[in-house]
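Report on the structure given below.
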Amino acid sequence: MPSPLLRKENKIRILRYILKNGKTTRNQLASNLNLAHSTLSYIIDELLDEGFLVFEEIRKRRGRPYQILKVNPEKFTAIGVKVGREEVRGVLFDASMNPLKEHRVQILSGMRNNDGYTRALRETIEQLHSENLLGVGICSSGIVKEGKVIVSHVMNVKDWDPRKVLKDLERILVMNDSDALCREISQRVNADFLLVSYGIGIGASLWKDKRIHHLEMGHMLASSEGKCYCGQTGCLEYHSSEYAVLKSCLGKEIDFEDFITSEEEKYRQTIEELREKARKDFDSVKVHYEKAFKTFSVVLGNVIMGSGVSRVFFAGEGVVNEEMIKILEEMVRARFNRDFVGEVQFQVANANWMLGAARAVVDKYLPYIVK
């Protein structure tokens, strides 16, 4: 019989494997986790008795039936929250990572500050809280370090600590939103990749050597001109975000800081109209994206060349048509030598931030409830 410590470690390994894959058989667990069948049988029986696992019996036309093992969806819940410029959106998930309930708080311009996001986050958690809550995963735009949003210019937030906002909860994990989405994609992609979030802002995270590396891509310097709202000159967001596309569509200059500060009152409707045109009739606005994406493709190609990734995923409120991704891919391939960037593949990400944040908090705090 394994020691209590080793037994607990193996329990956690089994649960994490099943959480990642959804369901499995005993043979698959033994093979992929390199566990002896006798050890595996003992541990699975404990997990079944403790309510972590359930199984269903699959009957075949011939031969003995076999069991499919799954995480018991009723064992615990987890909340994933996306904190962004336009809204705070939370989802309550069961232990199998199926969504149970959702709550959104629209963020108006007067709420873009520490106090406004505090109120929105508290309301979201109050609406989603459950008795068997394992923890809360929160992902936010901006620079996130040690559980605190150090700064998010697009949210007008500085030194904001969600853990203090939710001080009645013990298990809280705070991370950058691109990192959360990057983590979720890594659950099903067995290769290094780059995740790019595109919209009013531009964010990115790199999955390399089975680790997340956050990149402040939007504030990488791409030119010697263009005053960014962050204080730098020449940021990629100034030249390539939806701000740049909108300027091209309107045919006039817009102060970037005013755009960020007053986007909702002055520009939100126009931004939504731009997205709708791009969604339904991309050719009608294609030229404006092409103009903005010339600079984008250079920065993107440099990151690809430096990181050596073979795949790039795109997400965000501004990604409304796959034709946008094709433009960037074509520009990168035309500008960069294949010897440097290889046959890199571009595609839209099929994932969501809330699930990524919820998975992250479950992964971190699962050991706290396993005996």
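Within the stretch 14-43, can you find the residues that are at positive phi and either among the hydroxyl-bearing types (Ser, Thr, Tyr) or open to solvent by 60 Å² or more (accessible area, probe 1.4 Å) (or both)?
Start the filter on the stretch 14-43 by keeping residues that are at positive phi, which leaves 22, 34.
Asn34, the sole residue that qualifies.
Could you list, ordered by first residue, the pairs with Cβ atoms under 9 Å in which the first is in the stretch 262-276 and within 12 Å of Val245 (Cβ to Cβ) and the second is charged (D, E, K, R) and open to solvent by less than 40 Å² (accessible area, probe 1.4 Å), at least 6 apart or interchain?
Listed pairs, sorted by first residue: Ile271/Glu242; Ile271/Glu263; Leu274/Glu242; Arg275/Glu242.
Please state which of the following conditions Val245 fails to meet, knowing it meets all the rest: (1) open to solvent by 40 Å² or more (accessible area, probe 1.4 Å); (2) over 25 Å from Val144 (Cβ atoms).
(1)
I need every pair where a residue in the stretch 101-114 that is farther than 23 Å from Ile150 by Cβ has its Cβ under 6 Å from the Cβ of a residue that is open to solvent by less than 40 Å² (accessible area, probe 1.4 Å), sequence separation at least 6 or different chains.
Lys101/Leu92; Lys101/Leu128; Glu102/Val91; His103/Gly90; His103/Thr124; His103/Leu128
For Lys11, all conditions in the list (1) open to solvent by 20 Å² or more (accessible area, probe 1.4 Å); (2) out of contact with any strand residue (DSSP E or B) (no Cβ under 9 Å at 6 or more places or on another chain); (3) within 26 Å of Ile172 (Cβ to Cβ) hold save one; what is the number of the exception?
Of (1) open to solvent by 20 Å² or more (accessible area, probe 1.4 Å); (2) out of contact with any strand residue (DSSP E or B) (no Cβ under 9 Å at 6 or more places or on another chain); (3) within 26 Å of Ile172 (Cβ to Cβ), only one is false for Lys11: (1).
Among (1) among the small types (Gly, Ala, Ser); (2) out of contact with any Asp or Glu (no Cβ under 6 Å at 6 or more places or on another chain); (3) open to solvent by less than 40 Å² (accessible area, probe 1.4 Å); (4) in contact (Cβ under 8 Å) with a residue 40 or more places away in the chain, where does Ser223 come up short?
Unmet for Ser223, out of (1) among the small types (Gly, Ala, Ser); (2) out of contact with any Asp or Glu (no Cβ under 6 Å at 6 or more places or on another chain); (3) open to solvent by less than 40 Å² (accessible area, probe 1.4 Å); (4) in contact (Cβ under 8 Å) with a residue 40 or more places away in the chain: (3).
Would you check if Asp168 is at negative phi and modelled with pLDDT of 95 or more? Let's see the steps before the verdict.
Details: at negative phi: yes; modelled with pLDDT of 95 or more: no.
Answer is no for this residue.
Would you say Val88 is open to solvent by less than 60 Å² (accessible area, probe 1.4 Å), within 19 Å of the chain's Cα centre (by Cα) and of a type in the set (A, V, I, L, M, F, W, C)? Walk me through it before giving the result.
Numbers: open to solvent by less than 60 Å² (accessible area, probe 1.4 Å): yes; within 19 Å of the chain's Cα centre (by Cα): yes; of a type in the set (A, V, I, L, M, F, W, C): yes.
Answer is yes for this residue.
Can you find a residue that is open to solvent by 10 Å² or more (accessible area, probe 1.4 Å), among the β-branched types (Val, Ile, Thr), more than 29 Å from the chain's Cα centre (by Cα) and modelled with pLDDT of 85 or more anywhere in the stretch 58-75?
yes
Just for the stretch 133-155: of the residues that are hydrophobic (A, V, I, L, M, F, W, C) and not in a strand (DSSP E or B), which one is most open to solvent (accessible area, probe 1.4 Å)? Reasoning before the result, please.
Step one: of the stretch 133-155, the residues hydrophobic (A, V, I, L, M, F, W, C) are 133-134, 136, 138-139, 143-144, 149-151, 154-155.
This time we only want the ones that are not in a strand (DSSP E or B), so: 154-155.
On the way: Val154: 24, Met155: 0 Å².
Only one residue fits best here, namely Val154.
Kindly list, by first and then second residue, each pair from a residue in the stretch 181-196 that is part of a helix (DSSP H, G or I) to a residue that is surrounded by fewer than 17 Cβ atoms within 10 Å (Cβ to Cβ) and among the polar types (S, T, N, Q), limited to pairs with Cβ atoms under 9 Å and residues at least 6 apart or on different chains.
Pairs that qualify, where the first residue is part of a helix (DSSP H, G or I) and the partner is surrounded by fewer than 17 Cβ atoms within 10 Å (Cβ to Cβ) and among the polar types (S, T, N, Q), are Ile185/Asn350.
Test Phe293 against the criterion of being in contact with a strand residue (DSSP E or B) (Cβ under 8 Å, 6 or more places away or on another chain), open to solvent by less than 30 Å² (accessible area, probe 1.4 Å) and at pLDDT 95 or above, and give yes or no.
Numbers: in contact with a strand residue (DSSP E or B) (Cβ under 8 Å, 6 or more places away or on another chain): no; open to solvent by less than 30 Å² (accessible area, probe 1.4 Å): yes; at pLDDT 95 or above: yes.
Taking the combined requirement at face value, the residue does not satisfy it.
Could you tell me how many of the residues in the stretch 341-368 are in a loop (DSSP other than H, G, I, E, B) and either among the charged types (D, E, K, R) or free of Cβ contacts under 8 Å to residues at least 12 places away in the same chain (or both)?
Here is the first cut: in the stretch 341-368, the ones in a loop (DSSP other than H, G, I, E, B) are 342-344, 349-352.
Checking which are either among the charged types (D, E, K, R) or free of Cβ contacts under 8 Å to residues at least 12 places away in the same chain (or both) leaves us with 343, 350.
So the answer is 2.
When Thr124 is evaluated against the numbered criteria (1) over 30 Å from Glu50 (Cβ atoms); (2) open to solvent by 40 Å² or more (accessible area, probe 1.4 Å); (3) of a type outside the set (A, V, I, L, M), which criterion, by number, is the only one it fails?
For Thr124, the exception is condition (2).
Within the stretch 304-331, track down each residue that is in a helix (DSSP H, G or I), in contact (Cβ under 8 Å) with a residue 24 or more places away in the chain and open to solvent by less than 20 Å² (accessible area, probe 1.4 Å).
Quick first cut of the stretch 304-331, residues in a helix (DSSP H, G or I) only: 304-307, 322-331.
Filter again for in contact (Cβ under 8 Å) with a residue 24 or more places away in the chain, leaving 304-305, 307, 322-324, 327-328, 331.
Scanning the stretch 304-331 gives Ile304, Ser307, Met324, Ile327, Leu328.
The values are calculated or read from the model by the stated rules, or taken from the named source; none is laboratory data. Bear in mind that the values here come from a model prediction, so they are computed numbers and not experimental data. FYI the Cβ positions are ideal-geometry reconstructions off the backbone, even for glycines, and counts take in every protein chain you see. Side chains included, ligands, DNA and RNA excluded: accessible areas come from the protein's heavy atoms. Shrake-Rupley method; radii C 1.70, N 1.55, O 1.52, S 1.80 Å.
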